[in-house]
Amino acid sequence: MSGSARAGGKPAKTSVLVVDDDASLRRVTEYHLEQAGYRVLTAADGLEGVKVFREERPALVITDLQMPGLSGLGVLDQVKALAPETLVIVITAFGTIEQAVDAMKKGAHDFLTKPVSRDALLMVVDKACRLLGLQEENRRLREQLADRVEFSHLVGNSDAMRQVLEIVRRAAPSDATVLLTGESGTGKELVARAIHQASERSSGPFVAVNCAAIPADLLESELFGHVRGAFTGAVSDRAGKFERATGGTLFLDEIGELPAALQPKLLRALQEHEIEPVGGLAKRIDVRVVAATNRDIESAMSTGAFREDLYYRLAVITVELPPLRSRPDDIPLLVRHFLAKHAAAELQVSAAAMALLGRYAWPGNVRELENAIQRMVVLRRGDRLDVDDLPAKIRDEAPGARGATDSVLQLPEAGYSLEALEREAVLQALQRSRWNQSRAAAFLRIPRHVLLYRMEKYGIQKP
């Protein structure tokens, strides 16, 4: 029955679509495959075959080459355009082998010659299914390897890092733009690279550009390229970062520093998938953009320093990386990770040293921790890292390092208002985070809406 999908007596295996205008041959082929346990779909001509394929997406297609209307080669072309991984077997009459060869060149997996015997049919189909099984196993192993390798540098078992990893894993396979936010040193470029490596673009280039490190008058050419003669010194055409990232991922670090004059050009690139080199004509691009910032872009939008429409184009998926001080439980894991990275996995860390590492505020976040561990490894005195091996500022500044009787708070003898203390804590957290409300809330370990309530309550405003 045309377009049918019936299972045979054995447990269903691979779905196979049979496309043949000869009803008797179609029924015989369907019968043999069903008896072998395959789930069989059938179509009486090429157009119907493509329609059934669109709806059912079988893993294997068997099509006659000679059919009225859309030929078997046409079916092959359309199936491969819809799903390149699909295996297509063509059936040809004796004397038209050259058509089968042509089909193989266009991507057919194998061919059968009429009259098709049961044994020949099942042998070719079974071979194709074994290949499909290998492809599926390779895909599964690649996914497992991606989890183990591509995310191996994102170390942490805290709730905050688990949430980050979950969002990153779900975001990576798509082509959606991602905006990474968080303080300097929290690992935004590592996350961007992990997204790239776990994506369908992993075989393409990963191109990074720091928008704050390039002078404003050179940044346009750096991003979008230029043509010869576009300006003084442009002696030849030069591809920009967008073109160099073709087929891959472009990482725009410090996107909050992008000059206002370039924001419309970036918006156009994201909206239209098109760039315009300096002095040149528009070009199509195939690039995924991941951006990062340590600025409070929402505040920048309110002052007009950053375009709201550009922000929403960049922030299709937003990932906020937590500061290290908000996840102290991850510090022992990170310490072991960095010891292994710097060829010192055998070194032990004393409990006292680890306790001080856990209490330190880490204003430079994970980057500062790695630098500290590397320094300790190089300058160590023995086969164990102890308090004396810690950088002086960690020994001196970590709460509790001055002795158990010292107090973190220095309160006046005459007493102090609890509300005044709370106001001071909120104010210092905002100043410490450069008035980034999300970071200040994370520092105080309160929700952002609670921080906003406290700011309004105490009349705290950004200067």
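The values are calculated or read from the model by the stated rules, or taken from the named source; none is laboratory data. What you are looking at is a predicted structure, and each value in this text was computed from that prediction instead of being measured. Neighbour counts are summed over all protein chains in view; Cβ atoms, including those assigned to glycine, are modelled from backbone coordinates with ideal geometry.
Quick grid of which residues meet (1) touching a strand residue (DSSP E or B) at 6+ places or on another chain (Cβ under 7 Å); (2) within 20 Å of residue 294 (Cβ to Cβ); (3) assigned to a loop (DSSP other than H, G, I, E, B); (4) not small (Gly, Ala, Ser):
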{"residue": "160", "(1), (2), (3), (4)": "no, yes, no, no"}
{"residue": "166", "(1), (2), (3), (4)": "no, no, no, yes"}
{"residue": "169", "(1), (2), (3), (4)": "no, no, no, yes"}
{"residue": "174", "(1), (2), (3), (4)": "no, no, yes, no"}
{"residue": "185", "(1), (2), (3), (4)": "no, yes, yes, no"}
{"residue": "191", "(1), (2), (3), (4)": "yes, yes, no, yes"}
{"residue": "201", "(1), (2), (3), (4)": "yes, no, yes, yes"}
{"residue": "207", "(1), (2), (3), (4)": "yes, no, no, yes"}
{"residue": "214", "(1), (2), (3), (4)": "no, yes, yes, yes"}
Looking only at region 37-56, which residues are closer than 15 Å to residue 16 by Cβ and of a type outside the set (D, E, K, R)? 37, 38, 40, 41, 42, 43, 49, 52, 53
Subset of region 19-51 [buried (at least 16 other Cβ atoms within 10 Å of the Cβ) and aromatic (Phe, Trp, Tyr)]: 38
Boolean, residue 286 is of a type in the set (Asp, Glu), surrounded by fewer than 19 Cβ atoms within 10 Å (Cβ to Cβ) and either more than 26 Å from residue 171 (Cα to Cα) or free of Cβ contacts under 8 Å to residues at least 40 places away in the same chain (or both): no
What residue, among those in region 433-463 that are loosely packed, with under 15 Cβ neighbours inside 10 Å and basic (Lys, Arg), is nearest to residue 303 (Cα to Cα)? 462
Subset of region 242-256, residues surrounded by fewer than 20 Cβ atoms within 10 Å (Cβ to Cβ) and charged (D, E, K, R), comes to 243, 244, 254
In region 223-241, residue surrounded by the fewest Cβ atoms within 10 Å (Cβ to Cβ) [restricted to those that are in contact with a Lys or Arg (Cβ under 6 Å, 6 or more places away or on another chain) and under 23 Å from residue 267 (Cα atoms)]: 226
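Please go through region 365-386 and give me each residue that is more than 28 Å from the chain's Cα centre (by Cα), part of a helix (DSSP H, G or I) and not small (Gly, Ala, Ser), ordered by number.
At the first step, the residues of region 365-386 found to be more than 28 Å from the chain's Cα centre (by Cα) are 372-386.
From the residues that got through so far, the ones that are part of a helix (DSSP H, G or I) too are 372-379.
373, 374, 375, 376, 377, 378, 379 - these are the residues of region 365-386 that are more than 28 Å from the chain's Cα centre (by Cα), part of a helix (DSSP H, G or I) and not small (Gly, Ala, Ser).
Across region 268-320, which residue is farthest from residue 243 (Cα to Cα) among those that are assigned to a helix (DSSP H, G or I) and acidic (Asp, Glu)? Lay out the reasoning, then the answer.
Pass one, region 268-320, residues assigned to a helix (DSSP H, G or I): 268-272, 297-303, 308-314.
Restricting the remaining residues to those that are acidic (Asp, Glu) gives 272, 298, 308-309.
Values: 272: 15, 298: 30, 308: 26, 309: 23 Å.
Checking each candidate, the answer is 298.
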Only one of (1) outside the structural domain of residue 223 (by TED's automatic domain parsing); (2) in contact with a Phe, Trp or Tyr (Cβ under 7 Å, 6 or more places away or on another chain); (3) in contact (Cβ under 8 Å) with a residue 60 or more places away in the chain does not apply to residue 373, and that is (3)
Is there a residue being under 30 Å from residue 432 (Cβ atoms), in contact with a strand residue (DSSP E or B) (Cβ under 8 Å, 6 or more places away or on another chain), assigned to a loop (DSSP other than H, G, I, E, B) and not β-branched (Val, Ile, Thr) anywhere in region 222-239? no
With the structure loaded, tell me whether residue 90 is in contact with a Ser or Thr (Cβ under 8 Å, 6 or more places away or on another chain), part of a strand (DSSP E or B) and not basic (Lys, Arg) or whether it fails that test. yes
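For region 428-463, give me each residue that is among the basic types (Lys, Arg) and part of a helix (DSSP H, G or I). Steps first, please.
Residues of region 428-463 that are among the basic types (Lys, Arg), as a first pass: 432, 434, 439, 445, 448, 454, 457, 462.
Listed by number, the residues that qualify are 432, 439, 448, 454, 457.
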I'm checking my understanding of the structure. Among residues of region 305-331 that are at pLDDT 90 or above, over 20 Å from the mean Cα position of the chain (by Cα) and surrounded by fewer than 20 Cβ atoms within 10 Å (Cβ to Cβ), which one is nearest to residue 380 (Cα to Cα)? 305
Picked from region 169-201 (must be closer than 21 Å to residue 286 by Cα and of a type in the set (Ser, Thr, Tyr)), the residue surrounded by the most Cβ atoms within 10 Å (Cβ to Cβ) is 199
